[in-house]
Amino acid sequence: MSINNLMKYLRELRERGEDIISYLEQMVYKGNPLYEYIEFKILEFGDGIFKVSFPYKKELCRIGGSIHGGIIMTAIDHACGMAVLSVNEGRDQVTVELKVNFIKPLLKGPFTAIGKVVKKGRRIVIAEGEIYDANKELCALGMGTWYLIYE
C-alpha cells in the first residue's frame with residue numbers, strides 16, 4: 001500500500017472512530033522483519049505524536065549489554081517518522097537527516113520512543129524524538145527533518 005493510500009485509509013478510520021493502532025500494527029509491522037525483530041508495540045498515534053515501546057533483548061545489544069546505537073536511531077527515526085506521517089496529507093515522505101544524542105545506556109526495558117512534530121511546512125517537517133527506559137529516565141534525544149514528496 002502506498003503512503004497516499006495509507007493516509008487516506010487512516011483518515012477514514014479516524015472519521016469512523018475505529019481502532020487506528022491495531023490497523024497500523026497489522027499494516028506497518030506484520031511482514032516487516034526489522035520491526036518484528038525489534039518487537040515494536042504502538043502506544044499512541046495521531047496529531048503530530050507517536051509513541052512506541054520495545055523490549056530489552058540481548059540480540060539488540062552491543063558489547064557491554066546496552067541497546068546498540070543503531071537500534072536506538074532506528075527507534076527514533078521510526079517514532080519521528082510516524083509522528084510526521086500523522087500530519088502528512090497523503091504524500092510520501094523520507095528522512096532527510098537525523099541527529100541523535102546518546103545520553104544514557106539503554107539497560108532496563110521496556111523502552112518508550114516518542115516522536116513529536118515540532119514544525120510542519122509545505123515540504124519539510126521537523127520532528128524530535130526521545131527514548132526513555134523503564135524507570136522513565138531520558139536515554140536518547142534526537143531531532144530530524146522529513147521531506148514530503150508530492151506526487
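The values are calculated or read from the model by the stated rules, or taken from the named source; none is laboratory data. Since the structure is predicted, the reported quantities are computational estimates derived from the model, not experimental observations. All Cβ positions, glycine included, derive from the backbone under ideal geometry; neighbour counts span all protein chains shown.
Would it be correct to say that I126 is in contact with a strand residue (DSSP E or B) (Cβ under 7 Å, 6 or more places away or on another chain), among the hydrophobic types (A, V, I, L, M, F, W, C) and without any contact (Cβ under 8 Å) to a residue 40 or more places away in the chain? Answer is yes for this residue.
Considering only residues in segment 1-31 that are assigned to a helix (DSSP H, G or I) and of a type in the set (K, R), the one that is modelled with the highest pLDDT turns out to be R16.
When K116, K104 are checked against the criterion of being more than 17 Å from I49 (Cα to Cα), of a type in the set (K, R) and surrounded by 13 or more Cβ atoms within 10 Å (Cβ to Cβ), a single residue qualifies: K104. Being under 20 Å from I126 (Cβ atoms), surrounded by 13 or more Cβ atoms within 10 Å (Cβ to Cβ) and either free of Cβ contacts under 8 Å to residues at least 24 places away in the same chain or out of contact with any His (no Cβ under 7 Å at 6 or more places or on another chain) (or both) holds for only one residue in D92, D47, and it is D92.
Within segment 11-34, is even one residue under 15 Å from Y132 (Cα atoms), in contact (Cβ under 8 Å) with a residue 24 or more places away in the chain and surrounded by 13 or more Cβ atoms within 10 Å (Cβ to Cβ)?
Our first condition is that a residue be under 15 Å from Y132 (Cα atoms); within segment 11-34, this holds for none.
Among the residues of segment 11-34, not one is under 15 Å from Y132 (Cα atoms), in contact (Cβ under 8 Å) with a residue 24 or more places away in the chain and surrounded by 13 or more Cβ atoms within 10 Å (Cβ to Cβ), which makes the answer no.
Residues in segment 116-150 that are part of a strand (DSSP E or B) and farther than 19 Å from R91 by Cα: how many? Count: 11.
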